[in-house]
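Worksheet: one structure, shown below.
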Amino acid sequence: MIYINQVLQYTADSKRIRIIEMEEPHVFIVNIDATSSMPKKEIYSNLATEIQQSELIVVSDPYAKVVSDIDLTEVQIRKREEDWEIIQQHCLQHMEMLLQKQGREKKIREIAEKTNLSPFKIKKLLSRYWQRGMTKNALLPDYSNSGGKGKAKDLTKEKVGRPRKVNIANEYQVGINITDEVKVQFELAINKYYRASNNYSLKDVYHFILRDFYSDRYKENGEMKYHIWDVSRIPSYNQFYYWFKKLEDPKKDIHFRKSTKEYELKHRPILSDSKSETNGPGTRFQIDATIADIYLVSSLDVNKVIGRPVIYAVLDVYSRIITGLYVGLEGPSWLGAMMALDNMVADKVEFCKQYGIDIPPEHWPTHHLPEIIIADRGEFEGYSVENLINNLNIKIENTTAYRGDLKGIVERKFRTFNGKVKQKAPGAIQKEYRERGDQDYRLNATLNLKEFTSLIITMALHHNQKVIDKYPVEKEMVADGLVPTPINLWNWGIQNRKGRLRTVDRNILRLNVLPRGKATISRAGIKFKNLLYGSRQAIEEQWYLKLKNRSLEIVYDPRHIEKIYISHDNGIDFETCILLEPSQQYKGDFLEEVVFQQQLRNELEEMERTNQIQFTVNTDAVLEEIIKKAVKNKKESFNQPTSKKAKIAAIRENKDVEKQLNREAEKFDLSPNKVSEAVDVIDFVTKEKIDETLPKKSGSRLMEKLKKKRDEEFGKDK
C-alpha cells in the first residue's frame, strides 16, 4: 500500500522519492535528494509492482523530526513564517495546477508577480515544501544544519530488546526497533554489498546501510556528502549483526563472494566418496598431471638447468593403485597424457628395468584398460579421444574446469609426491615466493630427468604397498583379513568383485592414441605437412598412378616424423609409410620444427614477393625503353630496301655480314694488353700509307671491303 507523504528508496541507485499526492490511477512524486525538484507523475500500479519486487522499498522519512521553536533563532522563525505565508495564501489554493507539468510555469509566474518575488524563489519554496514533508517546519532555512536535536518517530512507545550500554551525557541511548522495513533494508544491503565479489566486510556493509538509509544528503563544492543521523535514530551494528546471522545463507554467500567453483571445491558437503561409483578394479581410472616442485638439470651437462618436469599419473579408483606413470617434459598436453596411457598397458617390470629398478611382477601387476577414464577437459577434449571410445570401448568422463576435487585420489597422490620431493631432493621449491637475500633453489638443481623418474617410480612402488588411511573397507574384506593396501585391494577386487579389466596390444593402443591427420596422394608420393612418404602397399596397388585427388587418414607421432601410419581393419592393424628422399632433409626433426621452417620459408617468400613485383615492373620498363629506341632508330634510317621482297631476300646475306662483325667483336685475344710503339699503317689493298690523323670513315675497313665486293657483284647481275 502506498500513502501520501511516504518516502521510498530505489535499491539500484539509492534515489529517494516522496509521495506528495495521489490521483487515481496516478501518483505525484518528488526527488528529495535533488537540489530542487518539481512533481513528476507516475502510474500507481508501476510503483506498487516495484515495491513488490523489492526494487523500491519504504524507508524512514529523513525530515520527520520534532523541532522546538526554543531551539530556533529569531531569523529562522521569521523566514519560516514569511515563506509559510506565501505557500498558504498563494500556492495551496492552486496546488492542483502546480502539480501538473502543463501550465505550472505560467502559474508560478503569476504567483511571483503577486508576491513581488522571482519565479526562481517560488520554485525553491515549493520544492522545499514538497521535498521536506509538506509541513510548516519544512520551510526552515538550512534545515539539516539548524542545530536542533531531533527525536526519531518511534513506531512503538518503547524499544524492545536489550538496552544500549553506551552512556552519553548521563543518558542511555534508546535506539530504534528492527521493524519489517528495517529488515528489508538489511537484506537489500547484504545482497547488494556483502554478496558481491568486492568482499566487503560486515562492518563495511553496516556503514553502507547508514549511508543509504540513515543519513542526510547535501552537496558541498559540487560533491555529494552524507551526514549520519543521531545515534538514537539508527540501528546499531549489534542489531545488524544479529539479523545478519538470522538471514545468513552460507551457500549463497560463498557463491556470490567467491564463486560457484570455490563452493563446489572447498565448501560443499561431502556425503559420498569416489569408491561408491565403482564395483571393482578397472571400473574407473583417474588421470591427471602436475608440474613437479623441483628443477632438473640436463642429462648432457649437469651445470645446465632445464626447468621443472611434468608428472602424469593414472590411478584405479577402487584400489588406489597407480596403473600408469609418465615423467617428462611434454605437457600438460595430449602428448603427456598419451605417454601415461601408453605406460598404463605396459609391462611394469620392463618399465622399471629401464631405470635400473628390478621388481617382481606381483609388485606392480597392472597393464590393463579400464571401462571409464576420468580426466580434465583440456587434454581429453578432441584429439584421439573418439578412437579410445569407438575402437577400445573406453568411456571418457571430463570434469568441469577447476574441479580438482572430482579427481581427488590422483590429486592427493600428487601432493604426497611433491611433499616427499621437497623433503629430500636438491633443487626443490621450498616456498612459493623467495624473499630478498634467500638462496635461489634453482641453483641447487642436481637430478636429471632419468634420475628424477627413478625417484618417482620408487615412490609409486611404495604407494602401492602402503596402507590407505580412511579407506571404506567392506565387511567381506574384514572377514578375509584384508589389509587395505593398493596391491591387496587390486588382487582382492579381481577375485571377489566384478571388475572391468581388459588387455590390449601396446601398438594397437598407440595407434589409437596418436594424433590423426589427412594426407593426399600425388605422383610424388603420399603428402603430409608438405612432406613426402612412400609405402609398400601404395606401390603394389599403384596409388600414384590412379590419381583422383585421393586423401586418406593417417596416424603420426609429432616427435618422430620419419614414419606415418595408415590404420586398417578398424584400428587393429596398420601400414607404415617411410619418408622419401626429397624430404630426407627433415629427418630427425620434430613436427613443430618442420612446420616452423615451412612457415618461415613462406614468410620469407612473401616478404620477397613485393620486391619481385617491383623488380618485374622495372624490368618491363627497361624492355619497353630498349624497344622504343630500336623503333626510333629504324624510322630514322635511310638505307631501307625499296621493296618488301628485297628486304626478305637479303636475310641470309645480312646474317653472314652480322656474323662476321660478331666474330670480330667476340674473338679471344690472349696476348698482353700493351700499347705498341707508333708505326706506319699500310692499306692492304692499295698498298698506300694511311694517315692516322685524318678522321676515320664510319665503319671498319672490313665492312668497306665487303660493301665494295657486294656492289661489284650487283653490277655483274645487271
Next on the checklist: Going by what's in this entry, would ILE508 be described as of a type in the set (Val, Ile, Thr) and either in the same structural domain as TYR295 (by TED's automatic domain parsing) or over 30 Å from ILE372 (Cβ atoms) (or both)?
Outcome noted: no
Item to check | Some residue of segment 67-74 being in contact with a strand residue (DSSP E or B) (Cβ under 7 Å, 6 or more places away or on another chain), surrounded by 13 or more Cβ atoms within 10 Å (Cβ to Cβ) and not assigned by TED's automatic domain parsing to the domain that holds ARG211 | outcome: no
Checklist outcome for this item: The correct count of residues that are in contact with a helix residue (DSSP H, G or I) (Cβ under 9 Å, 6 or more places away or on another chain), assigned to a loop (DSSP other than H, G, I, E, B), hydrophobic (A, V, I, L, M, F, W, C) and at pLDDT below 55 in segment 164-211 is 1
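If you check GLU110 against the conditions, is it assigned by TED's automatic domain parsing to the domain that holds PRO25, exposed (fewer than 12 other Cβ atoms within 10 Å of the Cβ), among the charged types (D, E, K, R) and out of contact with any strand residue (DSSP E or B) (no Cβ under 9 Å at 6 or more places or on another chain)?
So GLU110 fails the test.
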Item to check | strands (runs of 3 or more DSSP E) completely within segment 13-56 that count 1 or more residues being outside the structural domain of TYR129 (by TED's automatic domain parsing) and either modelled with pLDDT of 85 or more or buried (at least 16 other Cβ atoms within 10 Å of the Cβ) (or both) | outcome: none
Next on the checklist: All but one of (1) more than 20 Å from LYS65 (Cα to Cα); (2) modelled with pLDDT of 85 or more; (3) part of a loop (DSSP other than H, G, I, E, B); (4) not acidic (Asp, Glu) hold for GLY161; state the number of the condition that does not hold.
Outcome noted: (2)
Checklist entry - Looking at ILE122, ILE70, which is the one that is touching a residue at least 24 places away in the same chain (Cβ under 8 Å), assigned to a helix (DSSP H, G or I) and at negative phi? => result ILE122
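Select from segment 45-91 the residues that are among the aromatic types (Phe, Trp, Tyr) and under 23 Å from ARG217 (Cα atoms) and list them in ascending order.
Answer for segment 45-91, where residues must be among the aromatic types (Phe, Trp, Tyr) and under 23 Å from ARG217 (Cα atoms): just TYR63.
Yes/no matrix, rows are residues, columns are (1) of a type in the set (Phe, Trp, Tyr); (2) crowded, with 19+ Cβ neighbours inside 10 Å; (3) modelled with pLDDT of 65 or more; (4) in the same structural domain as ASP316 (by TED's automatic domain parsing):
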residue	(1), (2), (3), (4)
TYR402	yes, no, no, yes
ARG412	no, no, yes, yes
ALA445	no, yes, yes, yes
GLU451	no, no, yes, yes
SER454	no, no, yes, yes
Checklist entry - For the subset of segment 599-610 comprising residues that are modelled with pLDDT of 80 or more and of a type in the set (S, T, N, Q), which member is nearest to the chain's Cα centre (by Cα)? => result GLN599
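In the list GLU593, GLU658, GLU636, which residue meets the criterion of being more than 30 Å from LEU531 (Cα to Cα) and at pLDDT below 85?
Testing whether each residue is more than 30 Å from LEU531 (Cα to Cα) and at pLDDT below 85 leaves just GLU636.
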Next on the checklist: Any residue at all in segment 76-89 that's surrounded by 18 or more Cβ atoms within 10 Å (Cβ to Cβ), farther than 27 Å from LEU8 by Cβ, of a type in the set (A, V, I, L, M) and not assigned by TED's automatic domain parsing to the domain that holds ALA189?
Outcome noted: yes
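The values are calculated or read from the model by the stated rules, or taken from the named source; none is laboratory data. Not measured: the values here are computed from a predicted model. Cβ atoms come from the backbone with ideal geometry, glycine included; neighbour counts cover every protein chain shown.
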